[in-house]
Amino acid sequence: MCRQLVLLGTVLLSAASLRAQPNDGRAFDPGHALTAPSPHADSALHQLSDLLGVWRVEVETWHPPDTTAHRSEGLAEVTLMNRGHGFMERRHTPDYDAAGTEEHALTLISHIAPTQQWMTSEASSYTESILVSDGAFEAPDRLVVRQAVRRAGGTRVVLIRTTYQLEGPDAFSVEVDQSITYGEDGWRPVERRHYTRASEAGRRPRAAGEGSPAEGLPPEARQFDFIVGEFDARQRMLGPEGWVEFDAITTGAYALGGHAILETAWYDSDPNYPDAAMTALRLYNRAEHRWESLFIDNISNTHYRFGGRWEDGRMALHPFDVRLNDRQARYIFHAIQPDRYDWYCELSTDRGATFTTTWTINATRRAD
């Protein structure tokens, strides 16, 4: 991921002057919803443009060992993200299971033009985890993405398939299935969601950025609270021709009904990349005692999932799947104060014996 982030830095002007833009990506600011795509966005996004808007959602879920479906209703809103280069769904289901547990979900969707690949990431307050999938349109009205996982540390591979079925401008459905035989013996339903368009003037789903954390969170799930708010950030990236410096604006807001923090950053850049931006989600997974993070920039549009823990007064994050002979990366938040924090990214090519810093950020909280 660090190499891709450095690529972002190489396209930015070293003397960028920040200016307000109508599609700045701050979908979680009060009263602000990003609904206009960027004129520079991938044209393939129009295939999902009918998803934009506010939706009533009928939800069916299967919660083992119960084999019967639980039915509930929720609300969702789909906007754009990353300055109009991808899609974001916020969804709230008050009684997601038979016990009446609510779920807040956040789904991010982007398209990677060079490989004609779609990527989705779904984060849930119910599972406290992030699932990243990829796939393609298998028919003009059907997008299918897949991911393989190993449950509970076991050896059995579970293939998860998510299908978006478009049904015109006023309805669509999402089906989530899983198989332990790569589909050879069929698929078991996990979740079915059917969306029908609601009035824009009607009640929206509970905002993901309402400004407060969820009740009952453990202390560890509050360790990223320091990024909530709006910051001016001075950034330095090591590019092919040396260090590049530029300014950015970063906003952190509570998401998933206060269970996570959504971070956005946007930049002025050269004429080839006029909408440079990134979105990151921070979610604490209590079952695994670690933070999960998701990062998407709007140049590569690739979804990166990584995470870590609080260590020695700093937040240390890294990719989950690393071999000792790989290039190793880690991302460190440190020097954390009420009005500022610092961050750096560094790489190792010698199994962690030494690291080279490739990106630094010095963030200062904006005055109210």
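Structural remarks
- Number of residues in segment 310-368 that are of a type in the set (Val, Ile, Thr), more than 16 Å from residue 282 (Cβ to Cβ), within 22 Å of the chain's Cα centre (by Cα) and open to solvent by less than 50 Å² (accessible area, probe 1.4 Å): the value is 1.
- Single residue of segment 152-169 satisfying the filter (more than 21 Å from residue 192 (Cα to Cα) and either at pLDDT 95 or above or in a helix (DSSP H, G or I) (or both)) that is least open to solvent (accessible area, probe 1.4 Å): 153
- The residue that is farthest from the chain's Cα centre (by Cα), among those in segment 170-184 that are open to solvent by 20 Å² or more (accessible area, probe 1.4 Å) and among the acidic types (Asp, Glu), is 184.
- Which listed residue is open to solvent by less than 70 Å² (accessible area, probe 1.4 Å), modelled with pLDDT of 95 or more and on the phi > 0 side of the Ramachandran plot, from 122, 191, 128: 128
- Scanning segment 252-268 for residues that are among the hydroxyl-bearing types (Ser, Thr, Tyr) and open to solvent by 20 Å² or more (accessible area, probe 1.4 Å) turns up just one, 254.
- Criterion violated by residue 14 - all others in (1) open to solvent by 30 Å² or more (accessible area, probe 1.4 Å); (2) modelled with pLDDT of 50 or more; (3) hydroxyl-bearing (Ser, Thr, Tyr) satisfied: (2)
- Some residue of segment 114-128 being part of a strand (DSSP E or B), touching a strand residue (DSSP E or B) at 6+ places or on another chain (Cβ under 8 Å), among the hydrophobic types (A, V, I, L, M, F, W, C) and more than 17 Å from residue 305 (Cβ to Cβ): no
- Qualifying residue in segment 233-251 (condition: at pLDDT 95 or above and open to solvent by 40 Å² or more (accessible area, probe 1.4 Å)): no
- For segment 88-102, residues that are without any contact (Cβ under 8 Å) to a residue 60 or more places away in the chain and buried (at least 22 other Cβ atoms within 10 Å of the Cβ) total 3.
- Just one of the numbered conditions (1) surrounded by fewer than 22 Cβ atoms within 10 Å (Cβ to Cβ); (2) within 24 Å of the chain's Cα centre (by Cα); (3) charged (D, E, K, R) is not true of residue 83: (1).
- Some residue of segment 197-217 being modelled with pLDDT of 95 or more, in a strand (DSSP E or B) and open to solvent by 40 Å² or more (accessible area, probe 1.4 Å): yes
- Pairing residues of segment 228-244 that are farther than 9 Å from residue 363 by Cβ with residues that are in a loop (DSSP other than H, G, I, E, B) and not polar (S, T, N, Q), at Cβ distances under 7 Å and at least 6 apart in sequence or on separate chains, gives 230/366; 244/12.
- Residues in segment 281-336 that are among the aliphatic types (A, V, I, L, M) and in contact (Cβ under 8 Å) with a residue 40 or more places away in the chain: 281, 283, 287, 294, 296, 299, 315, 329, 336.
- For segment 348-365, a tally of residues being in a strand (DSSP E or B) and modelled with pLDDT under 90 returns 0.
- Residue that is nearest to residue 171 (Cα to Cα), among those in segment 50-77 that are surrounded by fewer than 14 Cβ atoms within 10 Å (Cβ to Cβ) and modelled with pLDDT of 95 or more: 73
- Among the candidates 133, 72, 124, residue that is in contact with a Pro (Cβ under 9 Å, 6 or more places away or on another chain) and polar (S, T, N, Q): 72
- Restricting attention to segment 286-331, the residues that are in contact with a Gly (Cβ under 9 Å, 6 or more places away or on another chain), among the hydrophobic types (A, V, I, L, M, F, W, C) and over 29 Å from residue 41 (Cα atoms) add up to 6.
The values are calculated or read from the model by the stated rules, or taken from the named source; none is laboratory data. Treat the numbers as computed from the prediction; the structure is a model and nothing was measured. Here Cβ is always computed from backbone atoms with ideal geometry, including for glycine, and neighbour counts include all displayed protein chains. Surface accessibility is based on the protein's heavy atoms, side chains included, excluding ligands, DNA and RNA. Shrake-Rupley method; radii C 1.70, N 1.55, O 1.52, S 1.80 Å.
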